[in-house]
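Okay, so here's the structure we're looking at.
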Amino acid sequence: MTNVVFIHGLWVSHTSWQPWIERFGQEGYSATAPRWPGEAETTAATRDNPRAQAGFGIQQITDHFAATLEQFDTPPVAVGHSFGGLIAQKLLAQNKVAAAVAIDPAQIKGVLPLPLAQLRSAFPILGNPLNHGRAKGLTRAQWRYGFGNTLTEAESNALWEQWAIPSPGKPLFEAATANFAPNSPAKVDTANAGRGPLLITGGTEDHTVPFVSARATYQLYAKSLAVTEFHEFSGKGHSLTVDHGWPEVADVALSWLKAQNL
């Protein structure tokens, strides 16, 4: 049985993966969705104590998940969304997972496009330098722009109520300055030819990780001899892993993993 580890991104609870865990379980996978460092067991408890997540950066979060992977006898598959997709790529490049699916991943070092929509989505955090050391959440309106822009207001608000949590601001600052920092924690060894297969996806209507950014991430792997593929989700925004259309996204990941004999 292949093990799968789901890694969420900023502002979404680890519990949002539960439907995916059940769907993957139906297909014979053993799946789990570990918490980020400082994240509580429930959405409500995480909201009540945002300080517990404050100050954690990309490398600390990656190390946290790397330690979690040690429980498995063989390397599992990593499926990550947004910053979870960035972390999944780092773990894959370090040969700590057998394969990775990076769903609309946060930009790694070397990604150059910076669309206006992405700047607007990140501004609630990046607009205040003090947020570097804080954990902040999004308001309903900010969530609607960054995640739920392809949804009805009612569905976007419902998802915010169910899954939205505060998250550390540090990873966002690190990703934003990655191209100016030689040893940025957002750096990934994209040339590793010995790693497992990688699937990167991009949603054409995503505001938080615009399609051009996801595509640029994929293009950074052009010189790698390892399997790297890209999938376009037409009409989907950043909420694609949690909104009503999540089964389509999950099935793309499942089909791809089976095609890799995983």
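Brief remarks on what is shown
- All of (1) surrounded by 15 or more Cβ atoms within 10 Å (Cβ to Cβ); (2) touching a strand residue (DSSP E or B) at 6+ places or on another chain (Cβ under 8 Å); (3) within 19 Å of I103 (Cα to Cα) hold for P166 with one exception: (3).
- Enumeration of residues in region 95-141 that are basic (K, R) and either part of a helix (DSSP H, G or I) or loosely packed, with under 15 Cβ neighbours inside 10 Å (or both): R120, R140
- Verdict on E70 being under 18 Å from the mean Cα position of the chain (by Cα) and over 24 Å from W256 (Cβ atoms): no
- Criterion (modelled with pLDDT of 95 or more and touching a helix residue (DSSP H, G or I) at 6+ places or on another chain (Cβ under 6 Å)) met by exactly one of V188, V212, V227: V188
- Residue in region 176-195 that is without any contact (Cβ under 8 Å) to a residue 24 or more places away in the chain, assigned to a helix (DSSP H, G or I) and closer than 24 Å to H132 by Cα present: yes
- Top-ranked residue of region 1-38 - restricted to ones that are assigned to a strand (DSSP E or B) and in contact with a Gly (Cβ under 7 Å, 6 or more places away or on another chain), ranked as surrounded by the fewest Cβ atoms within 10 Å (Cβ to Cβ): A31
- Taking each residue of region 102-120 that is within 27 Å of A250 (Cβ to Cβ) and hydroxyl-bearing (S, T, Y) and looking for partners that are modelled with pLDDT under 80 and assigned to a loop (DSSP other than H, G, I, E, B) with beta-carbon atoms closer than 6 Å, six or more apart or interchain, yields nothing.
- Residues that are aromatic (F, W, Y) and at positive phi within region 11-64 comprise just one, W11.
This table checks each residue for (1) in contact with a Gly (Cβ under 9 Å, 6 or more places away or on another chain); (2) farther than 16 Å from P105 by Cα; (3) among the basic types (K, R).
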{"site": "E153", "(1), (2), (3)": "no, yes, no"}
{"site": "L159", "(1), (2), (3)": "yes, yes, no"}
{"site": "A164", "(1), (2), (3)": "yes, yes, no"}
{"site": "P182", "(1), (2), (3)": "no, yes, no"}
{"site": "P185", "(1), (2), (3)": "yes, no, no"}
{"site": "I200", "(1), (2), (3)": "yes, no, no"}
{"site": "D206", "(1), (2), (3)": "yes, no, no"}
{"site": "Y218", "(1), (2), (3)": "yes, no, no"}
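- For region 142-155, filtering for residues that are hydroxyl-bearing (S, T, Y), in contact with an Asp or Glu (Cβ under 8 Å, 6 or more places away or on another chain) and outside any loop (DSSP other than H, G, I, E, B) leaves 0.
- Filtered by the rule that a residue be surrounded by fewer than 18 Cβ atoms within 10 Å (Cβ to Cβ) and among the basic types (K, R), region 232-262 gives a lone residue, K258.
- Of all residues in region 196-227, those satisfying the criterion of being without any contact (Cβ under 8 Å) to a residue 24 or more places away in the chain and either in a strand (DSSP E or B) or farther than 20 Å from L172 by Cβ (or both) are R215, Y218, Q219, A222.
- Residue satisfying all of: in region 188-214; within 15 Å of the chain's Cα centre (by Cα) and not hydrophobic (A, V, I, L, M, F, W, C); surrounded by the most Cβ atoms within 10 Å (Cβ to Cβ) among these: D206
- Residue in region 130-147 that is within 30 Å of N3 (Cα to Cα) and at pLDDT 95 or above present: yes
The values are calculated or read from the model by the stated rules, or taken from the named source; none is laboratory data. This is a predicted model, so every value here is computed, not measured. Counting neighbours? That spans all protein chains shown, and the Cβs are built from the backbone with ideal geometry, glycine included.
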